[in-house]
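To keep things clear, I will list the structure first and then write my remarks on it.
The values are calculated or read from the model by the stated rules, or taken from the named source; none is laboratory data. This is a predicted model, so every value here is computed, not measured. Note that each Cβ is placed from the backbone with ideal geometry, even for glycine, and that neighbours are counted across all protein chains shown. Just the protein is used for accessible areas: all its heavy atoms, side chains included, with ligands, DNA and RNA removed. Shrake-Rupley method; radii C 1.70, N 1.55, O 1.52, S 1.80 Å.
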Amino acid sequence: MNILVLNAGSSSLKYQLINMENESILAKGSAEKIGNKDSFITHKYGNEKIMDESFFENHEVVVDNVLNFLTTHVISSIDEIKAIGHRIVHGGELFKHAAIIDDSVIKGIEDCSDLAPLHNPAHLKGIYACKKLNIPMVAVFDTAFHQTMPEECFIYPIPYEFYEKYKIRKYGFHGTSHKYVSQRASEILEKNLDDLNIITCHLGNGASLCAIKNGKSYNTSMGFTPLAGVMMGTRSGDIDPAIISYLMEKENLTSKQIDDILNKKSGLLGISGISNDCRDIENEAWNNGNKRAQLALDKFGLRVKETLGSYAAILNGVDAIVFTAGLGEMSPETREFICKDLEHFGIKLDYNLNKSIRGKEAIISSSDSKTTVLVVPTNEELMIARETMELVSQ
Ligand code: AMP
């Protein structure tokens with residue numbers, strides 16, 4: 001049976017149709033610029049790629065197009081879709097697990113929109129667009145995995161009333177990815193996940209680490225929003241909070257403008273002045289001797305290493321470290337920077353092996369390392385499909 005996974009953004013929609021018997025991707029695609037005259041959708045299946053540059057007025061038209069494409073080229077009827085799994089960024093404190101979508105779940109997602117105003121309303125568009133199909137739907141939340149964090153990890157040291165009044169606390173994100181790669185690590189290590197302490201490092205354009213204690217999220221680096229934690233492609237991550245009011249006064253900035261600077265003009269882009277893409281920065285640093293590019297790479301590595309070290313301190317023993325997402329999977333240099341000189345923590349990389357691993361599962365620590373270091377390509381869509389399948393099969 002097949003599961004359709006949807007990730008709806010405000011003007012985009014990505015999908016994958018996954019055959020759950022062998023977990024293979026039957027088709028995938030993405031629509032962009034929905035609502036604009038130059039909207040388009042691409043579909044991929046087997047070795048075929050189809051592009052349709054029609055005007056997609058709204059998400060409903062896109063969903064109709066996806067189903068029309070799937071039933072023409074991939075499946076014989078809509079009955080072959082057992083359920084639809086929707087990626088939802090924010091489930092607040094309401095959703096500790098994935099949930100079968102009904103009116104109360106829709107209301108819950110709406111209630112969390114305040115916490116993710118760019119994401120949740122967009123996901124709802126995807127849900128509304130599918131409602132008429134009468135296929136069971138499941139909401140899978142990026143925040144749910146981190147709902148196991150204890151209060152001392154999720155509370156901020158600001159007046160407690162702001163937690164009570166506005167629910168200001170650490171939520172954490174990338175939960176579906178941290179969950180997937182930690183499960184894979186336990187399978188690769190042939191150990192029960194509940195018996196493992198793992199630090200997962202999701203290092204893409206957005207980046208976060210998760211301290212996983214006995215298989216459950218114990219702490220994570222993103223916070224109330226995905227701006228917190230380690231430095232990222234264009235996001236600052238944690239900085240001295242006093243910088244915000246200082247800069248606002250000095251530069252006469254509005255809250256929207258400072259928000260923009262910290263979210264879109266900081267991180268690797270902010271320091272290097274070149275790009276948010278590590279490939280461009282590595283090229284500038286290593287081939288043209290650009291000092292700011294090198295500084296951006298060093299600062300990124302250092303922020304991850306600092307966070308990794310603090311998680312090693314709170315976990316009381318780390319069985320595995322997992323690298324995933326764009327940089328984690330594809331940049332051996334970044335992995336080496338983070339893991340070097342950690343022998344006294346029991347972390348010993350096999351530097352030669354590490355150099356040869358890009359975008360595939362592998363153990364990259366030496367055989368005498370106490371902590372096993374792994375590369376595991378993430379697969380959030382498959383995780384969403386699995387959780388969807390599990391719920392609709394109950
Ligand atoms: P993601 O958000 O997981 O898609 O990761 C995207 C980021 O991964 C890009 O912005 C790059 O910085 C980084 N990345 C992807 N491929 C490579 C590569 N071959 N070498 C270094 N960095 C890479």
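Taking packing as the residue-averaged number of other Cβ atoms within 10 angstrom, the listed peptides 91-101, 22-32 run from highest to lowest as 91-101, 22-32.
At a 10 angstrom cut-off on C-beta neighbours, averaged per residue, how do the peptides 66-77, 147-158 rank from highest to lowest? The partial results should precede the final answer.
Numbers: 66-77: 15.5, 147-158: 13.7.
For the peptides 66-77, 147-158, the packing ranking is 66-77, 147-158.
Normalised by the number of residues in the range 178-283, what is the relative contact order in percent for Cα pairs under 8 Å and 6+ residues apart? Contact order relative to length: 18 percent. From the largest down, the range 1-151 spans 50, 39, 26 angstrom on the principal axes of its Cα atoms. Applying both filters, DSSP loop and at most 12 other Cβ atoms within 10 Å, to the chymotrypsin sites (Phe, Trp or Tyr not before Pro) of the range 296-394 eliminates every site.
What does the accessible area per residue of the range 105-188 come to in Å², with a 1.4 Å probe and no ligands, DNA or RNA counted? The partial results should precede the final answer.
Working: 3640 Å² over 84 residues.
Per-residue accessible area for the range 105-188 comes out at 43 Å².
Tell me what the chain gives for mean residue ellipticity at 222 nm when only DSSP H runs of n ≥ 4 count, each as -39,500 (n - 2.57), the sum divided by the residue total, rounded to 500 deg cm²/dmol.
Value at 222 nm, helices only: -12000 deg cm²/dmol.
Using C-alpha pairs under 8 Å with a sequence gap of at least 6, the mean separation divided by the residue count of the range 7-133 gives a relative contact order of 24 percent. Rg and Dmax of the range 324-394, both derived from C-alpha coordinates alone, stand at 15.4, 48 Å. An oblate overall shape is assigned to the range 220-332, the ratio a/c of its alpha-carbon gyration tensor axes (a ≥ b ≥ c) being 1.5 or greater and a/b not exceeding b/c. Per the Kirkwood formula applied to alpha carbons, the range 136-195 shows a radius of gyration over Rh ratio, Rg over Rh, of 1.12.
When the Gaussian network model of the chain links Cα atoms closer than 10 Å, the mean-square fluctuations of 252, 379, 352 top out at 252. With respect to the chain, whose longest principal axis is taken over its alpha-carbon atoms, helix 380-392 is tilted by about 50°.
Multiplying the sequence separation of residue 265 and residue 355 by 0.36 nm and subtracting their Cα-Cα distance, what value in nm do you get?
29.3 nm
Checking the table 179/265; 107/132; 264/299 against a 26 Å threshold on Cα-Cα, which pairs fail?
Values: 179/265 30 Å; 107/132 18 Å; 264/299 17 Å.
Too far apart for the 26 Å limit: 179/265.
Hydrodynamic analysis of the chain uses the Kirkwood radius over alpha carbon pairs. Inserted into Stokes-Einstein at 37 °C and 0.692 mPa s, it gives a translational diffusion coefficient of 148 µm²/s.
Extents of the range 77-225, taken as max minus min of Cα coordinates on every principal axis and listed largest first, are 45, 44, 27 Å. Each residue of the range 167-178 was assigned a 3J(HN,Hα) from its phi angle through the Karplus expression (A = 6.51, B = -1.76, C = 1.60, θ = phi - 60°), giving 6, 6, 7, 7, 9, x, 9, 6, x, 5, 6, 4 Hz with x at Gly and Pro.
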